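Step one of this worksheet: look at the structure below.
Here, each number is a calculation from the coordinates, and none is a lab measurement. Because the structure is predicted, anything quoted here is derived from the model rather than measured. Using ideal geometry, Cβ is built from the backbone for each residue, glycine included, and neighbour counts are taken over all protein chains shown.
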There are 2 protein chains.
Amino acid sequence: MESPRPGAQRRRDTEHRLAHDVDLWVASASADGVPHLVPLSFDWDGEALLIATPANSPTGRNLAATRNVRIGLGETRDVSMIEGDVEVLEIDALSQEQGDRFAQRAGFDPRPLTAYRWFRITPRRIQAWREVDELAGRGLMRDGRWLV
Amino acid sequence: MESPRPGAQRRRDTEHRLAHDVDLWVASASADGVPHLVPLSFDWDGEALLIATPANSPTGRNLAATRNVRIGLGETRDVSMIEGDVEVLEIDALSQEQGDRFAQRAGFDPRPLTAYRWFRITPRRIQAWREVDELAGRGLMRDGRWLV
């Protein structure tokens with residue numbers, strides 16, 4: 001078993017996943033406490049995550065109502081958990097370059113899908129751990145500021 | 001690309017994961033709509049999922065308050081989503097055999113941990129899909145009854 005990673009390594013590993021992974025797990029909740037969870041594709045521009053889903057899907061409705069999300073990036077035993085603030089954008093609101101970049105990474109282009117919205121997620125809190133020996137020291141970002 | 005799996009195959013694949021996987025993603029929500037998500041180990045007894053987590057963790061508090069959960073089992077592109085009803089049990093409430101079985105499968109034994117509770121989750125709704133071509137036909141269980 002490897003030693004627990006120092007925080008700086010966990011941050012690098014998280015930033016690597018943000019830059020290169022294709023999918024993540026999006027947990028949201030209705031205002032009255034019904035949880036939802038789906039896997040979705042994403043892009044990362046260095047400051048925020050971008051996902052696209054129908055405005056009328058459970059995730060779309062929850063994110064618009066609460067502006068709150070918790071994301072699982074990675075694997076169950078090598079995870080980065082991200083809590084963020086959600087901004088909802090019309091599907092034609094991004095630049096051509098941003099839309100192209102998402103389409104290339106995600107493998108689908110939501111821009112022709114008028115039922116879809118963009119959801120731009122700015123991380124507020126990030127944690128990363130592999131197994132129980134990494135629960136200590138899992139906090140990497142608080143209130144939008146990296147701690148490591 | 002493989003053809004979309006028929007429902008009976010998706011059920012078999014889901015039951016295989018329930019019987020053999022070790023971890024899953026647990027999405028819960030507070031009564032006022034704050035989502036939570038964590039990876040946890042589990043067991044399956046053929047009727048219900050069993051997880052263990054501290055009563056005072058976000059997941060423990062949410063599940064006790066709402067008795068509602070949405071679980072992601074598998075991978076982002078080969079997922080079974082499970083919604084279920086939650087029963088909360090004291091950590092000494094299971095039989096020796098049930099506790100041993102969980103400990104062997106999960107690789108940790110929560111029974112000495114008095115801050116922990118068991119959460120027994122009876123599936124109410126199950127969906128399974130791999131990619132977008134499997135979104136149609138993803139419903140496998142409704143109101144606790146298999147559809148396929």
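Could you work out the relative contact order of chain A? I mean the mean sequence separation of Cα pairs under 8 Å and 6+ apart, divided by the number of residues, in percent. Could you put the intermediate results ahead of the total?
Numbers: 294 pairs, mean separation 37.3, N = 148.
Across chain A, relative contact order equals 25 percent.
Tell me the angle of helix B:7-20 to the major Cα principal axis of chain B, expressed in degrees between 0 and 90 and rounded to the nearest ten.
Compared with the principal axis, the helix lies near 30 degrees.
For B:ILE91, which sequence-distant residues (separation of 5 or more, or a different chain) have an amide H within less than 5 Å of its own amide H, given hydrogens modelled in the peptide plane?
B:TRP118
For A:VAL88, place a label point 7 Å from Cα along the Cα-to-Cβ direction in every copy; what are the distances to the other copies, in nm, shortest first?
From this label point to the equivalent ones elsewhere in the assembly: 3.2 nm.
With the Cα gyration tensor of chain A giving a ≥ b ≥ c as the square roots of its eigenvalues, does the rule (a/c under 1.5 for rounded; else a/b larger than b/c for prolate; else oblate) give rounded, prolate or oblate?
Working: a/c = 2.11, a/b = 1.59, b/c = 1.33.
Because a/c hits 1.5 or more and a/b exceeds b/c, chain A counts as prolate.
Taking Cα atoms, how many degrees apart are the long axis of helix B:96-106 and the longest axis of chain B, rounded to 10 and kept between 0 and 90?
60
How high is the relative contact order of segment A:95-148, in percent, counting Cα pairs under 8 Å that sit 6 or more residues apart?
It comes to 23 percent, rounded to a whole number.
Over segment B:47-110, what is the relative contact order in whole percent, taking alpha-carbon pairs under 8 Å and six or more residues apart? Present the calculation step by step, with values, prior to reporting the outcome.
Values: 46 pairs, mean separation 14.3, N = 64.
In percent, rounded to a whole number, it is 22.
Between the label point of B:GLU15 and that of the same position in each other copy, find the distances and list them shortest first in nm, with every label point placed 7 Å from Cα along the Cα-to-C-beta direction.
So the label point of B:GLU15 gives 4.9 nm to the other copies.
Once phi is turned into θ = phi - 60°, what whole-Hz ³J(HN,Hα) does the Karplus curve with 6.51, -1.76 and 1.60 give for every residue of segment B:109-123, x standing for Gly and Pro?
Working through the residues one at a time gives 10, x, 4, x, 9, 5, 6, 8, 10, 8, 10, 9, 10, 9, x Hz.
Once the label point is placed 7 Å from Cα along Cβ, list for B:ALA64 the distances to the corresponding points in the other copies, in nm, shortest first.
Output for B:ALA64: 3.6 nm, nearest copy listed first.
Given the -39500 (n - 2.57) contribution per DSSP H run of 4+ residues, what per-residue ellipticity at 222 nm results for the protein assembly as shown, rounded to the nearest 500 deg cm²/dmol? Could the numbers behind the result be given before it?
On the way: 6 runs with 68 residues, N = 296.
-7000 deg cm²/dmol, from helical runs alone.
Return the long-range amide H neighbours of B:LEU140 (sequence gap of 5 or more, or a different chain), with a cut-off of under 5 Å between placed amide H atoms.
Result for B:LEU140 returns B:ILE126, B:GLN127, B:ALA128.
Tell me, what HN-Hα J-couplings in whole Hz come from the Karplus equation 6.51 cos²θ - 1.76 cosθ + 1.60 at θ = phi - 60° for each residue of segment B:78-85, using x for Gly and Pro?
6, 10, 10, 9, 10, 9, x, 8
Mind checking which of A:PRO123, A:VAL38, A:LEU49 is farthest towards the positive end of chain A's charge dipole, using Cβ charges of +1 (Lys, Arg) and -1 (Asp, Glu) about the Cα centre?
With unit charges placed on the Cβ atoms, the residue in question is A:PRO123.
Cα centroid distance between segment A:91-144 and segment B:9-63, in Å?
Each part reduced to its Cα centre gives a spacing of 24 Å.
From the phi angles alone, apply the Karplus equation (6.51, -1.76, 1.60; θ = phi - 60°) to segment A:58-72 and give each ³J(HN,Hα) in whole Hz, x where the residue is Gly or Pro.
x, 4, x, 5, 5, 5, 5, 6, 10, 6, 9, 8, 10, 10, x
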